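Engineer: I'd like to ask you about the structure that follows.
The values are calculated or read from the model by the stated rules, or taken from the named source; none is laboratory data. Because the structure is predicted, anything quoted here is derived from the model rather than measured. Here Cβ is always computed from backbone atoms with ideal geometry, including for glycine, and neighbour counts include all displayed protein chains. Keep in mind that these areas ignore ligands, DNA and RNA; they rest on the heavy atoms of the full protein, side chains included. Shrake-Rupley method; radii C 1.70, N 1.55, O 1.52, S 1.80 Å.
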Amino acid sequence: MAKCIECDADVKLGSDVETGEIVDCPECGTELEVVNSDPLELARAPEEEEDWGE
Amino acid sequence: MAKCIECDADVKLGSDVETGEIVDCPECGTELEVVNSDPLELARAPEEEEDWGE
Amino acid sequence: MIVIKVGGSRGINYDRVCADLSGLYQRGEKFVLVHGGSYETNLLSEKLGKPPRFVTSASGYESRFTDRETLEIFSMIYCGKMNTAIVEKLQALGVKAIGLSGVDGRLLEGVRKASVKIIENGKRRILHGDYTGKVERVNTELIHLLAGAGYVLVVSPPAISFEGEAINVDGDRAAAKIAEALKADKLIILSNVPGLLRDVADESSLVPHIIPSQLDSYMEIALGRMKKKIMAAGEALAAGVGEVVLADARIEQPILRAVAGQGTVIKA
Amino acid sequence: MIVIKVGGSRGINYDRVCADLSGLYQRGEKFVLVHGGSYETNLLSEKLGKPPRFVTSASGYESRFTDRETLEIFSMIYCGKMNTAIVEKLQALGVKAIGLSGVDGRLLEGVRKASVKIIENGKRRILHGDYTGKVERVNTELIHLLAGAGYVLVVSPPAISFEGEAINVDGDRAAAKIAEALKADKLIILSNVPGLLRDVADESSLVPHIIPSQLDSYMEIALGRMKKKIMAAGEALAAGVGEVVLADARIEQPILRAVAGQGTVIKA
């Protein structure tokens with residue numbers, strides 16, 4: 001079980017969670033990035049402007 | 001046996017002669033290029049300035 | 001002034017493209033060429049044991065994940081093989097061509113987006129270490145300096161970030177930015193399709209003419225890379241470029257025909 | 001004006017080279033950089049299953065046999081990977097760098113020698129389809145146009161033949177031609193050796209100073225690529241360049257030290 005960065009709510013994650021995955025906080029809906037899967041570490045996912053690159 | 005382009009002398013070539021090889025005419029010393037080894041064909045070898053390229 | 005973007009996908013004949021460009025040049029027409037190289041980049045990536053990784057963003061936008069090693073392979077093809085060969089062909093046809101990437105003299109400068117949100121195997125993920133971005137500034141002084149001295153510019157990605165890192169950018173949208181910066185009369189985007197097709201499988205279902213105000217409504221029928229071309233066209237028109245033509249690079253005299261309006265013409 | 005040639009052999013640290021160049025730039029020193037790429041070209045050739053073929057001419061002169069496919073691999077490294085990376089590094093250090101090959105705007109133009117006479121397995125042979133040549137004309141107008149606008153030129157082979165074909169040329173001698181055309185005060189040639197060594201195995205056997213009139217006598221102790229550097233130095237000095245320094249690119253502050261005379265200084 002991990003804590004949301006924004007509202008501290010519990011964030012349930014599947015056992016198959018991978019580093020780099022994005023999950024939404026069930027309480028406040030903030031987009032969270034799984035910065036580390038073992039030990040579990042969450043961070044706010046970077047803002048996303050529309051897309052670029054070739 | 002092949003003929004020299006310049007002086008028509010006979011030019012003896014080994015059986016292992018390859019296309020692209022250079023031979024000198026035994027009579028007039030002209031540098032000859034084996035343009036084709038089968039059938040045997042000779043041509044004057046291009047002039048050679050000093051060297052270039054990396 | 002015409003900005004001409006020719007793609008790098010399979011089947012595009014650069015001998016024909018360069019023959020047409022030489023025709024424009026002899027007629028005194030001013031133009032800038034922007035070229036691609038994606039197909040050959042994929043081939044080289046495979047050969048070097050680092051197959052290309054294409055990722056799709058949440059909004060369905062496909063792009064090449066460009067880490068540092070990919071960026072080097074990208075430059076080897078775009079700046080090395082393609083740019084040099086195109087300039088060589090044009091020079092042999094008497095055109096005073098000069099090849100530049102967006103890194104040279106900060107010709108194409110923009111913002112790097114170091115991480116990208118993608119959907120992969122149904123999971124939303126973030127990839128870091130991505131050297132991609134968007135062109136925001138074009139060095140028009142450099143273009144006018146060289147064009148003023150009679151040179152024809154042959155431009156290729158990558159661009160450069162404000163911090164000075166090479167970044168992979170979309171060639172169509174970079175061409176739109178150049179057209180905008182030069183207040184070009186026309187932006188021509190040539191690729192391996194006749195233009196915008198109603199039915200991708202039917203090359204005769206070409207949409208011949210679109211009025212800029214209706215452009216967005218055509219976004220639905222545009223698939224894959226064509227989406228980006230429509231996006232690029234919209235940006236160019238909004239910034240004052242007179243006309244955008246989406247045309248076929250594979251046919252005879254591809255550029256002369258596109259300049260004459262053969263393809264999808266987007267114009268008021 | 002200084003012309004600086006940095007080789008492309010193994011062990012040369014371009015971060016240090018670019019740091020020094022940025023120092024010269026901040027001090028307002030005018031210079032042109034010419035760079036190599038032979039080591040990486042060999043690596044890529046091997047990876048692509050077309051190992052490099054070095055041939056030795058009758059007079060013992062070694063060069064890379066450059067057919068069309070080799071020329072493409074050569075451009076991918078010199079113009080693609082190396083040139084773009086050096087310009088990127090300099091831009092990140094605040095230097096207004098712009099990368100050009102000799103093909104661009106016919107910066108380096110010369111004669112192609114389509115066939116080369118070699119000695120291989122004891123046999124004299126002629127190889128056709130060789131894209132190598134010698135620089136005979138430098139587009140100084142283009143250099144002054146860009147330098148005048150504050151740009152620093154980062155130049156790489158290939159050059160272009162008068163007929164408009166890309167040709168592999170010796171970087172040291174191309175640098176000498178540029179130095180001659182620009183009437184440079186100094187030509188600095190950096191490579192992976194301290195300079196001309198009396199004994200190649202002993203890095204302390206450096207020849208510190210040579211008077212131009214004695215240069216030919218030093219040809220005997222010069223081996224392999226050093227022969228070409230001595231040849232390039234002679235050509236530059238004969239054409240009015242004030243000083244040539246052969247120095248080590250691997251050390252700390254390689255360029256600042258070479259400019260200060262650390263290496264083999266060839267000067268009256």
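Engineer: So how many residues does the stretch C:162-172 have that are surrounded by 24 or more Cβ atoms within 10 Å (Cβ to Cβ) and either more than 7 Å from every other protein chain (Cβ to nearest Cβ) or within 19 Å of C:Gly60 (Cα to Cα) (or both)?
Structural biologist: Filtering the stretch C:162-172 for residues surrounded by 24 or more Cβ atoms within 10 Å (Cβ to Cβ) gives C:166-172.
Still in the list and also either more than 7 Å from every other protein chain (Cβ to nearest Cβ) or within 19 Å of C:Gly60 (Cα to Cα) (or both): C:167-172.
Here the count works out to 6.
Residues checked against (1) at the interface with another protein chain (Cβ under 9 Å from one of its Cβ atoms); (2) under 21 Å from D:Glu29 (Cα atoms):
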| position | (1), (2) |
| --- | --- |
| D:Ser115 | yes, no |
| D:Ile118 | no, no |
| D:Gly122 | no, no |
| D:Gly129 | no, no |
| D:Thr132 | yes, no |
| D:Leu146 | yes, yes |
| D:Ile160 | yes, no |
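Engineer: Moving on. Can you name every residue in the stretch C:32-58 that is hydrophobic (A, V, I, L, M, F, W, C), crowded, with 19+ Cβ neighbours inside 10 Å and not in a helix (DSSP H, G or I)?
Structural biologist: C:Val32, C:Leu33, C:Val34, C:Val55
Engineer: Here is a list: D:Leu182, D:Leu206, D:Leu196. Which entry is surrounded by 22 or more Cβ atoms within 10 Å (Cβ to Cβ), away from chain B (no Cβ under 14 Å) and either closer than 30 Å to C:Lys89 by Cβ or not hydroxyl-bearing (Ser, Thr, Tyr) (or both)?
Structural biologist: D:Leu196
Engineer: Go through the stretch C:99-109 and give me each residue that's facing another protein chain (nearest Cβ under 8 Å), crowded, with 24+ Cβ neighbours inside 10 Å and touching a residue at least 40 places away in the same chain (Cβ under 8 Å).
Structural biologist: The answer is C:Gly99, C:Leu100, C:Ser101, C:Val103.
Engineer: Further question on the same structure: List the residue pairs whose Cβ atoms are under 7 Å apart, where the first residue sits in the stretch C:56-77 and is without any contact (Cβ under 8 Å) to a residue 24 or more places away in the chain, the second is crowded, with 16+ Cβ neighbours inside 10 Å, and the two are 6 or more positions apart or on different chains.
Structural biologist: From residues that are without any contact (Cβ under 8 Å) to a residue 24 or more places away in the chain, the pairs are C:Ser59/A:Asp51; C:Glu72/D:Lys81.
Engineer: Just give me the residues in the stretch C:237-258 being at negative phi and in a loop (DSSP other than H, G, I, E, B), in sequence order.
Structural biologist: Scanning the stretch C:237-258 gives C:Ala239, C:Val241, C:Gly242, C:Ala249, C:Arg250, C:Ile251, C:Glu252.
Engineer: Just give me the residues in the stretch C:85-98 being within 21 Å of the chain's Cα centre (by Cα) and open to solvent by 10 Å² or more (accessible area, probe 1.4 Å), in sequence order.
Structural biologist: C:Ala85, C:Glu88, C:Lys89
Engineer: Got at least one residue in the stretch C:6-16 being of a type outside the set (D, E, K, R), assigned to a helix (DSSP H, G or I) and either open to solvent by 30 Å² or more (accessible area, probe 1.4 Å) or at positive phi (or both)?
Structural biologist: So far as the stretch C:6-16 goes, no, none of its residues is of a type outside the set (D, E, K, R), assigned to a helix (DSSP H, G or I) and either open to solvent by 30 Å² or more (accessible area, probe 1.4 Å) or at positive phi (or both).
Engineer: Taking the stretch D:27-54, which residues are β-branched (Val, Ile, Thr) and in contact with a Ser or Thr (Cβ under 9 Å, 6 or more places away or on another chain)?
Structural biologist: First, pick out the residues of the stretch D:27-54 that are β-branched (Val, Ile, Thr): D:32, D:34, D:41.
Within the stretch D:27-54, D:Val34, D:Thr41 qualify.
Engineer: Only residues that are open to solvent by 40 Å² or more (accessible area, probe 1.4 Å), over 18 Å from C:Ser57 (Cα atoms) and out of contact with any Cys (no Cβ under 6 Å at 6 or more places or on another chain): list them for the stretch A:19-43, please. Outline the logic, then answer.
Structural biologist: First, pick out the residues of the stretch A:19-43 that are open to solvent by 40 Å² or more (accessible area, probe 1.4 Å): A:19, A:24, A:26-29, A:31, A:35-41.
If we keep only those that are over 18 Å from C:Ser57 (Cα atoms) too, we end up with A:26-29, A:35-41.
A:Pro26, A:Gly29, A:Val35, A:Asn36, A:Ser37, A:Asp38, A:Pro39, A:Leu40, A:Glu41 - these are the residues of the stretch A:19-43 that are open to solvent by 40 Å² or more (accessible area, probe 1.4 Å), over 18 Å from C:Ser57 (Cα atoms) and out of contact with any Cys (no Cβ under 6 Å at 6 or more places or on another chain).
Engineer: Scan the stretch D:59-74 for residues that are open to solvent by less than 10 Å² (accessible area, probe 1.4 Å) and either in a helix (DSSP H, G or I) or of a type in the set (Val, Ile, Thr) (or both) and report the count.
Structural biologist: 4
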